[in-house]
Structures are given as structure tokens and as C-alpha cells.
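Any read-out appearing in this document is the output of simple, stated calculations on the displayed coordinates, not a laboratory observation. The shown structure was predicted, so the numbers you read here are calculated from the model rather than taken from an experiment. With ideal geometry, Cβ positions are generated from the backbone for all residues, glycine too; neighbour counts draw on all protein chains shown.
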Amino acid sequence: MAAPKSSAKRKEWNTDHMAEAIKMVREKKMGYLKAAKHFDVPRTTLFRLCQQNELPPEEAAATTLGRKTVLDSSDDDEMILFDTDSEPEGLEKRTAPDTEDAECMFCHMLFSNDTQGETWIKCLMCGLWAHNDCAGAEFETWICDFCK
Ligand SMILES: [Zn+2]
Ligand SMILES: [Zn+2]
């Protein structure tokens, strides 16, 4: 008997809930983290559906479920977020983006709008920024959910 791998387990989620979550994020009423928690859907899936589909929320939510038989290999089809222009300059650690255009990958708040002095963290892999709170990162070296 192989030991069950908890990280590989798929959480069941409700298409209607996902549609509602997508709506909230698109209408900017909630960030990804909040919407995912509120509607009990996986944050990474929510993120992908919001990013990749121009479809109405109900259809977007149904796409991943409905295509299992057609696109079985789509699990390897990770989103490519690498930005070849943003090579790390040295390895100094920062707690804030050095560009005001940076936005939190989860809640999409711009760094320039951040007046509360939140801690920001940068994904080691893709170089995108996020609020420490949104990312739930505990260490200074952090790899986002989408690069893991
Ligand atoms: Zn955020
Ligand atoms: Zn990343």
C-alpha cells in the first residue's frame, strides 16, 4: 500500500460556487484569497479560470470539469509566468517592490495604492509580487502557488 499523498489530493468544489467566486473577483468585490475562502473553492483554480477565460463566470467555472476526457494532459499545462526581462538584481532581499506598478498577484492591489505599509513578498520563480498576507508566506524565500 502506498502512503497517500495529501498534496496530490483534489478537493471537490462546486461549480456554482466557483462561478460566484469568479464573479466576485472580476467585479473586484473580493480578492482571490477571500473569494476562494468564502466560496470554498481552490485558489489556484479560481486564479486560472479568472485569468484564462473570457467566458461568463458560469461557463468558465464549467470548463475544467467538462473537459476531463478531452484534455487529460492539461495538468502539465502550467501557466507560464516567467518574465525573462526581470532577472534578479543581486540577491538582496526586499520587503517592498521597487516599482510602483507591481501588483499583488492575489488581490490585484497596486503597490502604489498600498498606504498601509504592508509587507510584500516576491515569488522566487516568476518574480511576481504579492502581499505577505495574501500569499501566506512564512519565509523570505517564497514560491507562489502557481510555480510550485
Ligand atoms: Zn494582496
Ligand atoms: Zn511564482
Theoretical FRET efficiency, 1/(1+(r/R0)^6), r = Cβ-Cβ of Leu110 and Lys37, R0 30 Å, to 0.05: 0.85
Label point distance in nm, Lys148-Asp101, each placed 7 Å from Cα along Cα→Cβ: 2.9
Residue-wise, which Karplus ³J(HN,Hα) couplings in Hz belong to the stretch 130-145, taking 6.51 cos²θ - 1.76 cosθ + 1.60, θ = phi - 60°, and x for glycine or proline? 8, 4, 4, 5, 5, 6, x, 7, 9, 10, 6, 8, 9, 10, 5, 4
Amide H to amide H, which residues 5 or more places from Glu103 or on other chains are under 5 Å from it, using H placed in the peptide plane? Phe111, Trp129
Residue-by-residue Karplus 3J(HN,Hα) for the stretch 102-111, coefficients 6.51, -1.76, 1.60, Hz, glycine and proline x: 4, 10, 5, 5, 9, 10, 6, 6, 6, 4
Per-bin percent of Cα-Cα distances, the stretch 99-148 [5 Å]: 5, 24, 37, 22, 11, 2
For Met30, distant residues with modelled amide H under 5 Å away: Val25
Thr119 to Asp16: extension gain in nm, 0.36 nm per residue of separation minus the Cα-Cα distance? 33.7 nm
